[in-house]
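The values are calculated or read from the model by the stated rules, or taken from the named source; none is laboratory data. These numbers were taken from a predicted model, which means no experiment stands behind them. Positions of Cβ are backbone-derived with ideal geometry, glycine not excepted, and every protein chain shown enters the neighbour counts.
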């Protein structure tokens, strides 16, 4: 099969759509798409197993990364809040 | 992702006054401290950087219109960090706006993969994937996916266009996913 024929077959099977969606998956997961585009991506991810699995990979990755975030220690935050309050009341030189 | 930057355009935050400064910055302090931790070597320097940021923000309050407060504070933090680096390492910074360049230098105050792994104690497979990223890619992953900044906020913190943040972030995630596609822990949890 020639490369051209393979490309035609790929397009007929919806591959072009997958490429287009693939470029938007991460932005979609970051809530960065407009509502109409987001709906199109969501619909495709529901219908296409391969793209759905790709999106699931990125969801899992984002979730795992978010879980590495630890709560800020209380003491530095309290000191910074106190500084902000002091600045507001003019108790600290600026 | 937080959408403060999207809602601020339609619902602008009232410009804060000097008297309301504490109330105004209070909700942003955890994020500022977290981002400072990503920009500095240790928690002590991070706290100093946020202190410097608060003082600068207070001085600049009159010129602030209330829109995009977190991005405004992050921009101030970025500039404060540049000045701190110039004072501490005058020979390393040739361009005051080149925080990206700072991140690329191994001895600059950008978190290494080892720092991230040590302080955040991520799952081994995540630490492994993070360790393969370049400093630039690691930095945007840290700011957006770990610290929870929007593209615009990360752009403000780094002094680069939001589109650059997005492209670096997407490329970084793509590389992490490609690496992890052969990792048994990642695969078992996703398929």
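When you look at residue B:129, is it crowded, with 18+ Cβ neighbours inside 10 Å, more than 10 Å from chain A (Cβ to nearest Cβ) and either without any contact (Cβ under 8 Å) to a residue 40 or more places away in the chain or assigned to a helix (DSSP H, G or I) (or both), yes or no? Outline the logic, then answer.
On the way: crowded, with 18+ Cβ neighbours inside 10 Å: yes; more than 10 Å from chain A (Cβ to nearest Cβ): no; either without any contact (Cβ under 8 Å) to a residue 40 or more places away in the chain or assigned to a helix (DSSP H, G or I) (or both): yes.
Criteria not met by residue B:129.
Please tell me if residue B:162 is surrounded by fewer than 21 Cβ atoms within 10 Å (Cβ to Cβ), within 12 Å of chain A (Cβ to nearest Cβ) and at pLDDT 90 or above. Let's see the steps before the verdict.
Details: surrounded by fewer than 21 Cβ atoms within 10 Å (Cβ to Cβ): yes; within 12 Å of chain A (Cβ to nearest Cβ): yes; at pLDDT 90 or above: yes.
When the stated conditions are applied, residue B:162 passes them.
Just to be sure before I move on: is residue B:184 modelled with pLDDT under 95, over 13 Å from the mean Cα position of the chain (by Cα) and away from every other protein chain (no Cβ under 11 Å) in the structure I sent?
Criteria met by residue B:184.
What are the residues in segment B:157-172 that are under 15 Å from the mean Cα position of the chain (by Cα) and part of a helix (DSSP H, G or I), if any? Can you show your working first?
Step one: filter segment B:157-172 for residues under 15 Å from the mean Cα position of the chain (by Cα), giving B:157-162, B:164-166, B:168-169.
Scanning segment B:157-172 gives B:157, B:158, B:162, B:164, B:165, B:166, B:168, B:169.
Quick one: what pairs do we get from segment A:46-72, first residue more than 23 Å from residue B:31 (Cα to Cα) and facing another protein chain (nearest Cβ under 10 Å), second at pLDDT 90 or above and part of a helix (DSSP H, G or I), C-beta under 7 Å, 6+ apart or different chains?
Short answer, once both residue conditions are applied: A:54/A:22; A:54/A:25; A:57/B:177; A:58/A:25; A:58/A:26; A:58/A:29; A:58/B:173; A:58/B:177.
Conditions first: (1) surrounded by 17 or more Cβ atoms within 10 Å (Cβ to Cβ); (2) closer than 30 Å to residue A:49 by Cβ; (3) at pLDDT below 95. Residue B:136 passes all but one, so which condition is the exception?
(2)
Report, by residue number, each residue of segment B:54-82 that is assigned to a helix (DSSP H, G or I) and farther than 25 Å from residue B:137 by Cα.
B:54, B:55, B:56, B:57, B:58, B:59, B:61, B:62, B:63, B:69 - these are the residues of segment B:54-82 that are assigned to a helix (DSSP H, G or I) and farther than 25 Å from residue B:137 by Cα.
Exactly one of (1) surrounded by 15 or more Cβ atoms within 10 Å (Cβ to Cβ); (2) within 12 Å of chain A (Cβ to nearest Cβ); (3) modelled with pLDDT of 85 or more is unmet by residue B:59. Its number?
(1)
Of all residues in segment B:156-179, which are free of Cβ contacts under 8 Å to residues at least 12 places away in the same chain and closer than 21 Å to residue B:85 by Cβ?
Of everything in segment B:156-179, just one residue is free of Cβ contacts under 8 Å to residues at least 12 places away in the same chain and closer than 21 Å to residue B:85 by Cβ, namely B:164.
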